[in-house]
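First the structure, in the form of C-alpha coordinates, and then the observations on it.
The values are calculated or read from the model by the stated rules, or taken from the named source; none is laboratory data. For clarity, every value in this text was computed on a predicted model and none was experimentally measured. Ideal geometry is used to build each Cβ from the backbone, glycine not excepted, and the neighbour counts take in all protein chains shown. Remember, those area values only see protein heavy atoms, side chains included, never the ligands or the DNA or RNA. Shrake-Rupley method; radii C 1.70, N 1.55, O 1.52, S 1.80 Å.
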Amino acid sequence: MENCKNKVSLSHIADIYLYEYYVAKEQPYELELQDKIKDYIKKSHELMEEMEYEDALKEWMKVLKHNPVCMEAYNGMISCYKYLYNIEKEYEITLKTYNFSCTRAELAAYYRNLGWYYLESYQPNVAVACYKYSDLFETSEQVKSEISYLETALEKSYQDMSVDQIQNILTEKDIPLKANSITLALIYKAGLEAYNTGNNMQARDCFHMVYDLTQDEEIKQLLDKVTINESNHRR
(Lines give C-alpha, C1' and ligand atoms only; values in the text may rest on other atoms or scores of the structure.)
Protein backbone atom coordinates (compact mmCIF):
# COMPACT_ATOMS: atom_id res chain seq x y z
CA MET A 1 0.00 0.00 0.00
CA GLU A 2 2.90 2.26 0.80
CA ASN A 3 4.08 2.07 -2.83
CA CYS A 4 0.72 3.43 -4.05
CA LYS A 5 1.37 6.85 -2.56
CA ASN A 6 1.98 9.73 -4.95
CA LYS A 7 5.46 11.18 -4.66
CA VAL A 8 5.61 14.94 -5.06
CA SER A 9 8.29 17.60 -4.86
CA LEU A 10 6.81 20.42 -2.76
CA SER A 11 9.38 22.59 -1.05
CA HIS A 12 7.11 25.42 0.14
CA ILE A 13 4.37 25.12 2.74
CA ALA A 14 1.98 27.10 0.51
CA ASP A 15 2.37 24.47 -2.22
CA ILE A 16 1.67 21.72 0.30
CA TYR A 17 -1.59 23.33 1.42
CA LEU A 18 -2.73 23.91 -2.17
CA TYR A 19 -1.76 20.39 -3.21
CA GLU A 20 -3.56 18.75 -0.30
CA TYR A 21 -6.80 20.66 -0.92
CA TYR A 22 -7.02 20.85 -4.70
CA VAL A 23 -5.11 17.79 -5.87
CA ALA A 24 -4.55 15.10 -3.22
CA LYS A 25 -8.07 15.41 -1.73
CA GLU A 26 -7.14 13.28 1.31
CA GLN A 27 -5.26 10.72 -0.78
CA PRO A 28 -1.91 9.68 0.78
CA TYR A 29 1.27 11.11 -0.67
CA GLU A 30 4.98 11.33 0.07
CA LEU A 31 7.31 14.28 -0.23
CA GLU A 32 10.36 13.52 -2.36
CA LEU A 33 13.62 14.13 -0.58
CA GLN A 34 15.20 15.96 -3.54
CA ASP A 35 13.89 18.55 -5.91
CA LYS A 36 13.48 16.73 -9.20
CA ILE A 37 11.90 19.54 -11.17
CA LYS A 38 14.77 22.03 -11.60
CA ASP A 39 16.28 20.16 -14.54
CA TYR A 40 12.88 19.80 -16.20
CA ILE A 41 12.21 23.53 -15.83
CA LYS A 42 15.63 24.38 -17.28
CA LYS A 43 15.08 22.01 -20.20
CA SER A 44 11.57 23.43 -20.81
CA HIS A 45 12.90 26.97 -21.13
CA GLU A 46 15.73 25.85 -23.42
CA LEU A 47 13.28 24.05 -25.73
CA MET A 48 11.01 27.08 -25.84
CA GLU A 49 13.94 29.28 -26.82
CA GLU A 50 14.61 26.79 -29.63
CA MET A 51 10.90 27.00 -30.58
CA GLU A 52 10.46 23.27 -29.92
CA TYR A 53 7.10 23.80 -28.26
CA GLU A 54 5.79 20.23 -28.43
CA ASP A 55 8.91 18.94 -26.68
CA ALA A 56 8.78 21.82 -24.18
CA LEU A 57 5.22 20.81 -23.30
CA LYS A 58 6.44 17.31 -22.43
CA GLU A 59 9.02 18.77 -20.06
CA TRP A 60 6.46 21.08 -18.43
CA MET A 61 4.22 18.05 -17.90
CA LYS A 62 7.09 16.32 -16.10
CA VAL A 63 7.31 19.34 -13.80
CA LEU A 64 3.60 19.09 -13.01
CA LYS A 65 3.91 15.37 -12.31
CA HIS A 66 6.27 16.22 -9.47
CA ASN A 67 4.64 19.51 -8.47
CA PRO A 68 1.00 19.68 -9.65
CA VAL A 69 0.56 23.23 -8.32
CA CYS A 70 3.59 24.79 -10.04
CA MET A 71 2.45 28.05 -11.63
CA GLU A 72 5.66 28.36 -13.67
CA ALA A 73 4.83 25.06 -15.38
CA TYR A 74 1.21 26.01 -16.04
CA ASN A 75 2.20 29.37 -17.51
CA GLY A 76 4.92 27.68 -19.56
CA MET A 77 2.34 25.30 -21.00
CA ILE A 78 0.00 28.19 -21.76
CA SER A 79 2.77 29.96 -23.70
CA CYS A 80 3.46 26.79 -25.68
CA TYR A 81 -0.20 26.35 -26.56
CA LYS A 82 -0.34 29.95 -27.74
CA TYR A 83 2.64 29.41 -30.04
CA LEU A 84 1.06 26.17 -31.29
CA TYR A 85 -2.22 28.03 -31.73
CA ASN A 86 -4.11 25.44 -29.70
CA ILE A 87 -6.83 27.78 -28.45
CA GLU A 88 -8.88 25.26 -26.48
CA LYS A 89 -5.91 23.76 -24.63
CA GLU A 90 -4.68 27.26 -23.77
CA TYR A 91 -8.11 27.98 -22.31
CA GLU A 92 -8.25 24.65 -20.45
CA ILE A 93 -4.91 25.23 -18.71
CA THR A 94 -5.71 28.90 -18.04
CA LEU A 95 -8.84 27.87 -16.13
CA LYS A 96 -6.72 25.53 -13.99
CA THR A 97 -4.41 28.36 -12.94
CA TYR A 98 -7.17 30.31 -11.19
CA ASN A 99 -7.10 28.21 -8.02
CA PHE A 100 -3.30 28.51 -7.83
CA SER A 101 -3.08 32.27 -8.47
CA CYS A 102 -1.77 33.67 -5.19
CA THR A 103 -0.31 37.04 -6.20
CA ARG A 104 -1.42 40.08 -8.16
CA ALA A 105 1.03 39.15 -10.93
CA GLU A 106 -0.38 35.64 -11.21
CA LEU A 107 -3.97 36.87 -11.23
CA ALA A 108 -3.08 39.46 -13.87
CA ALA A 109 -1.59 36.67 -16.01
CA TYR A 110 -4.82 34.68 -15.57
CA TYR A 111 -6.91 37.54 -16.99
CA ARG A 112 -4.39 38.22 -19.79
CA ASN A 113 -4.48 34.58 -20.81
CA LEU A 114 -8.25 34.65 -20.83
CA GLY A 115 -8.02 37.79 -22.95
CA TRP A 116 -5.93 35.92 -25.52
CA TYR A 117 -8.49 33.11 -25.64
CA TYR A 118 -11.42 35.45 -26.21
CA LEU A 119 -9.44 37.45 -28.75
CA GLU A 120 -8.71 34.31 -30.76
CA SER A 121 -12.35 33.19 -30.30
CA TYR A 122 -13.57 36.37 -32.01
CA GLN A 123 -15.11 37.90 -28.89
CA PRO A 124 -13.30 41.27 -28.85
CA ASN A 125 -15.40 42.95 -26.15
CA VAL A 126 -14.75 40.12 -23.70
CA ALA A 127 -11.07 40.06 -24.68
CA VAL A 128 -10.73 43.79 -23.96
CA ALA A 129 -12.55 43.41 -20.64
CA CYS A 130 -10.13 40.66 -19.61
CA TYR A 131 -7.10 42.64 -20.73
CA LYS A 132 -8.23 45.82 -18.99
CA TYR A 133 -9.10 43.95 -15.81
CA SER A 134 -5.65 42.36 -15.77
CA ASP A 135 -4.18 45.86 -15.79
CA LEU A 136 -5.89 46.57 -12.46
CA PHE A 137 -3.64 43.91 -10.91
CA GLU A 138 -0.46 44.51 -12.90
CA THR A 139 0.16 46.79 -15.87
CA SER A 140 1.53 45.20 -19.01
CA GLU A 141 2.78 46.44 -22.35
CA GLN A 142 1.19 43.36 -23.90
CA VAL A 143 -2.23 44.59 -22.78
CA LYS A 144 -1.70 48.02 -24.35
CA SER A 145 -0.54 46.40 -27.56
CA GLU A 146 -3.48 43.99 -27.80
CA ILE A 147 -6.08 46.67 -27.08
CA SER A 148 -4.45 49.03 -29.57
CA TYR A 149 -4.55 46.27 -32.18
CA LEU A 150 -8.27 45.69 -31.55
CA GLU A 151 -9.08 49.40 -31.65
CA THR A 152 -7.34 49.71 -35.02
CA ALA A 153 -8.90 46.55 -36.46
CA LEU A 154 -12.42 47.38 -35.29
CA GLU A 155 -12.13 51.16 -35.66
CA LYS A 156 -13.47 51.47 -32.14
CA SER A 157 -12.15 53.03 -28.94
CA TYR A 158 -12.17 51.14 -25.65
CA GLN A 159 -10.54 53.94 -23.65
CA ASP A 160 -13.71 54.96 -21.81
CA MET A 161 -14.71 51.46 -20.67
CA SER A 162 -15.48 51.75 -16.95
CA VAL A 163 -14.64 49.20 -14.26
CA ASP A 164 -18.38 48.53 -13.83
CA GLN A 165 -18.71 47.80 -17.54
CA ILE A 166 -15.68 45.53 -17.44
CA GLN A 167 -16.99 43.61 -14.43
CA ASN A 168 -20.43 43.22 -16.00
CA ILE A 169 -18.89 41.64 -19.09
CA LEU A 170 -16.76 39.29 -17.01
CA THR A 171 -19.71 38.32 -14.81
CA GLU A 172 -21.79 37.47 -17.88
CA LYS A 173 -19.04 35.03 -18.86
CA ASP A 174 -18.82 33.59 -15.31
CA ILE A 175 -15.28 34.92 -14.96
CA PRO A 176 -14.38 35.54 -11.29
CA LEU A 177 -13.64 39.12 -10.31
CA LYS A 178 -11.13 38.41 -7.55
CA ALA A 179 -8.81 35.77 -6.21
CA ASN A 180 -10.27 32.50 -4.97
CA SER A 181 -11.22 33.03 -1.31
CA ILE A 182 -10.51 29.37 -0.52
CA THR A 183 -7.02 29.71 -1.95
CA LEU A 184 -6.37 32.82 0.15
CA ALA A 185 -7.63 31.01 3.27
CA LEU A 186 -5.31 28.09 2.55
CA ILE A 187 -2.31 30.38 2.08
CA TYR A 188 -3.19 32.19 5.30
CA LYS A 189 -3.36 28.89 7.21
CA ALA A 190 -0.05 27.85 5.68
CA GLY A 191 1.45 31.14 6.85
CA LEU A 192 0.20 30.61 10.40
CA GLU A 193 1.67 27.10 10.50
CA ALA A 194 5.00 28.35 9.20
CA TYR A 195 4.96 31.22 11.71
CA ASN A 196 4.12 28.95 14.66
CA THR A 197 6.91 26.54 13.76
CA GLY A 198 9.50 29.30 13.39
CA ASN A 199 9.75 29.21 9.60
CA ASN A 200 9.73 32.98 9.25
CA MET A 201 10.80 33.07 5.61
CA GLN A 202 7.92 30.93 4.34
CA ALA A 203 5.48 32.59 6.75
CA ARG A 204 6.45 35.94 5.29
CA ASP A 205 5.95 34.59 1.77
CA CYS A 206 2.44 33.40 2.63
CA PHE A 207 1.34 36.55 4.45
CA HIS A 208 2.78 38.69 1.66
CA MET A 209 0.73 36.79 -0.94
CA VAL A 210 -2.48 37.21 1.03
CA TYR A 211 -1.82 40.88 1.78
CA ASP A 212 -0.89 41.50 -1.84
CA LEU A 213 -4.41 40.51 -2.89
CA THR A 214 -6.49 41.66 0.08
CA GLN A 215 -4.69 44.66 1.62
CA ASP A 216 -6.08 43.37 4.92
CA GLU A 217 -4.67 45.31 7.90
CA GLU A 218 -4.50 42.27 10.21
CA ILE A 219 -2.46 40.40 7.60
CA LYS A 220 -0.20 43.43 7.32
CA GLN A 221 0.42 43.31 11.07
CA LEU A 222 1.33 39.61 10.86
CA LEU A 223 3.60 40.34 7.91
CA ASP A 224 5.36 43.07 9.88
CA LYS A 225 5.83 40.72 12.87
CA VAL A 226 7.35 38.01 10.71
CA THR A 227 9.63 40.52 8.97
CA ILE A 228 10.90 41.78 12.35
CA ASN A 229 11.45 38.19 13.58
CA GLU A 230 13.36 37.32 10.42
CA SER A 231 15.48 40.45 10.74
CA ASN A 232 16.30 39.68 14.39
CA HIS A 233 17.17 36.08 13.49
CA ARG A 234 19.74 37.27 10.97
CA ARG A 235 21.60 39.38 13.53
Item to check | Carbon/sulfur fraction of accessible area - the range 1-146, other protein chains in place, 1.4 Å, % | outcome: 49 percent
Checklist entry - So how do 58-69, 36-47 stack up, highest first, on mean other-Cβ count within 10 Å? => result 58-69, 36-47
Checklist entry - Using the membrane-span-like helix rule (whole DSSP H runs, Cα extent along the own axis of at least 15 Å, mean Kyte-Doolittle hydropathy at least 0.5), which helices of the chain qualify? => result 181-196
Checklist entry - Given just the C-alpha atoms of the range 1-114, how large is their convex hull per residue in cubic angstrom? => result 108 Å³
Checklist entry - So what's the convex hull volume per residue for the Cα atoms of the range 65-132, in Å³? => result 77 Å³
Item to check | Burial ranking of peptide ranges 11-18, 161-168, 84-91 (average Cβ count within 10 Å, highest at the top) | outcome: 11-18, 84-91, 161-168
Checklist entry - If you wrap a convex hull around the Cα atoms of the range 143-194, how much volume per residue is inside, in Å³? => result 116 Å³
Item to check | Average accessible area per residue (Å²) across the chain - probe 1.4 Å, nucleic acids and ligands excluded | outcome: 57 Å²
Next on the checklist: Loop-only GluC sites (Glu not before Pro) in the range 96-166, please: DSSP not H, G, I, E or B, and at most 11 other Cβ atoms within 10 Å.
Outcome noted: E155
Item to check | the range 7-60: mean projected area of Cα convex hull, nm² | outcome: 4.4 nm²
